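Read-outs: derived from the displayed coordinates by stated rules, not from any lab. In this text, all values refer to a predicted model and were calculated from it rather than measured experimentally. Cβ placement follows ideal geometry from the backbone for every residue including glycine, while neighbour counts extend to all protein chains displayed.
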Amino acid sequence: MHKLEIISRSIINCSNCQLSTTRIHAVPGEGSKNAKVMFIGEAPGKNEDKNGEPFIGAAGNYLNKLLEIAGLIREDVFITNIVKCRPPKNRDPLLHEIEACSQYLTDQISVINPMVLVTLGNYSLKHWLPNESISNIHGNLVEINNLSLFPMYHPAAALYRGNLRQIIEDDYKTLGQYIAKHIN
Ligand code: URA
């Protein structure tokens, strides 16, 4: 079995924190084991919990459009979250839940070894850059600990703050240009 599949199975059977008692499905993430670009959101929502797949609700539909703007297709990237189980009523994940889950993300990154990590929203950004703010740094490549991070607004942000839509789409154009120059 591929190492990524072993990690997914551990996540599906995980009981490291209390989110395991309220979830329907854990959501390990999905995509290519050879992905050069990895997208990391916050935590599964209702649809993701129901189906066990990341980003399949309204934010996921918009993410698909954003991937297209960057010249990417979903099957070629890997999409996961900081926290793999849905927090009840979509509340923010708690610090100890993030900590209980973080080894899974570390292991996924080390097995996939992507060239760029795209962080989606504040939780994901703050995992690497706790003092940075998304409004300041979005759409810019940051090198940290041998990782290339590309912080982005969470796609859901555009759904409730319509004025962000153009900014977000411009950021994905920038990501596409970076990928065309450095990766493909
Ligand atoms: N929002 C996230 O951060 N992740 C998902 O998987 C779905 C919505």
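For segment 42-106, the fraction of alpha-carbon pairs lying more than 18 Å apart is 41 percent, rounded to a whole number. Taking the number of Cβ atoms within 10 Å of each Cβ as an exposure proxy, the fewest-first ranking of 32, 135 is 135, 32.
Taking 80, 174, 106 as the candidate residues, the one with maximal mean-square fluctuation in a Gaussian network model of the chain, Cα springs under 10 Å, is 106.
Full extension of the segment from residue 58 to residue 75, taken as 0.36 nm per residue of separation minus the current Cα-Cα distance, would add 4.3 nm. Taking 18 Å as the straight-line reach from the Cα of residue 173, the aspartates and glutamates in range (excluding those fewer than 8 positions away in the same chain) are 68, 76.
Counted by neighbouring Cβ atoms within 10 Å, the residues 73, 40, 7 run from fewest to most as 73, 7, 40. Take every DSSP beta bridge whose two residues both sit in the chain; close to 30 percent of them are antiparallel. Here the sum of -39500 (n - 2.57) over DSSP H runs of 4 or more residues, divided by the residues of the chain, equals -13500 deg cm²/dmol at 222 nm, to the nearest 500. When its C-alpha radius of gyration is set against 2.2 N^0.38 Å (N residues), the chain gives a value of 0.96.
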